[in-house]
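Structure first, commentary second.
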Amino acid sequence: MTSNDDILRALGRVEGRLTGIEENVALLRQEMGDEKVSAHDARAVIHKRLDEQARQIAHLDTGVAISGGADEQIRAEIRTLKGTVEKNQETVGPALEEWKRMKSIGYGISGLIAFAGLTTGGVIAYASDEAVAALRHWLKIS
């Protein structure tokens, strides 16, 4: 049989092991708590990033919607201006053709005036020699 001393020693060893196990469990609990806090912080950071991404996407959607509306307004304005320009071209077209015709007539008249001036100048230059000779003869200057 076993003596009380042996039983007490065995109980002491069991108690020592239980104390070690309790310490290990306490350490595990502390580590689990630390991991929970770390996981919570990491999830908080991820959620913060997701919220920021959602805000940026919403801002981008708003910007795209505004740009689309502005583009449509610009296109409508361009269509209106195009119609106005075409209407104005139809209205002003005959006046421009008349102006071009008047311009070409003006060039022709200018050419005729220049030709007449050159002809007159040539005639005067030719006639001046004869006029000087006639004047000298009339004044009896040799």
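The values are calculated or read from the model by the stated rules, or taken from the named source; none is laboratory data. Not measured: the values here are computed from a predicted model. All Cβ positions, even for glycine, are placed from backbone atoms using ideal geometry, and neighbour counts span all protein chains on display. These accessible areas exclude ligands, DNA and RNA; they are computed on the full protein's heavy atoms, side chains included. Shrake-Rupley method; radii C 1.70, N 1.55, O 1.52, S 1.80 Å.
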With +1 assigned to the C-beta of every Lys and Arg and -1 to the C-beta of every Asp and Glu, and no other charges, what is the dipole magnitude of the stretch 9-137 about the Cα centre in debye, to the nearest 20?
120 debye
May I ask for the angle, rounded to the nearest 10°, between helix 4-139 and the longest principal axis of the chain, with both axes built from Cα atoms and the value confined to 0 to 90°?
0 degrees
I'd like to know which of L60, I21, L96 lies farthest towards the positive end of the charge dipole of the chain, counting +1 on Cβ of Lys and Arg and -1 on Cβ of Asp and Glu.
L96
Give the lysines reachable from K82 as a straight Cα distance under 27 Å; neighbours fewer than 8 places away on the same chain don't count.
K100
Go ahead and estimate [θ] at 222 nm for the chain from helices alone: -39,500 (n - 2.57) per DSSP H run with n ≥ 4, summed, over the residue count, rounded to 500.
-37000 deg cm²/dmol
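Does the stretch 35-105 classify as rounded, prolate or oblate by the C-alpha gyration tensor (a ≥ b ≥ c root eigenvalues; a/c under 1.5 gives rounded; else a/b over b/c gives prolate, otherwise oblate)?
The shape class here is prolate.
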Reference-scaled alpha-carbon Rg (2.2 N^0.38 Å with N residues) for the stretch 1-60
2.44
For K140, K82, the accessible-area ranking with a 1.4 Å probe, largest leading, is K140, K82
Which one, I78, I124, I46, has the greatest fluctuation when you compute a Gaussian network model over the chain with C-alpha springs under 10 angstrom?
I124
If you count only protein heavy atoms with a 1.4 Å probe, what accessible area per residue comes out for the chain, rounded to a whole Å²?
92 Å²
Taking a cut-off of 18 Å between Cα atoms, list the lysines near K87, but don't count ones fewer than 8 places away on the same chain.
none
re the stretch 90-142: pairs of Cα atoms spaced beyond 16 Å account for a percent value of 65 percent
Ignoring ligands and nucleic acids, L118 exposes an accessible area, probe 1.4 Å, in Å² to the nearest 10, of 130 Å²
In the chain, carbon and sulfur make up what percent of the accessible area (probe 1.4 Å)?
64 percent
Along the charge dipole of the stretch 22-142, Cβ charges K/R +1 and D/E -1, which of H40, A76, L50 sits furthest on the positive end?
A76
If W99, W138 are ordered by their accessible area, calculated over protein heavy atoms with a 1.4 Å probe, which sequence runs from highest to lowest?
W138, W99
Convex hull of Cα atoms in the chain, direction-averaged projection (nm²)
29.2 nm²
Taking a straight Cα-to-Cα line shorter than 27 Å from K36, and setting aside same-chain lysines fewer than 8 residues away, one finds K48
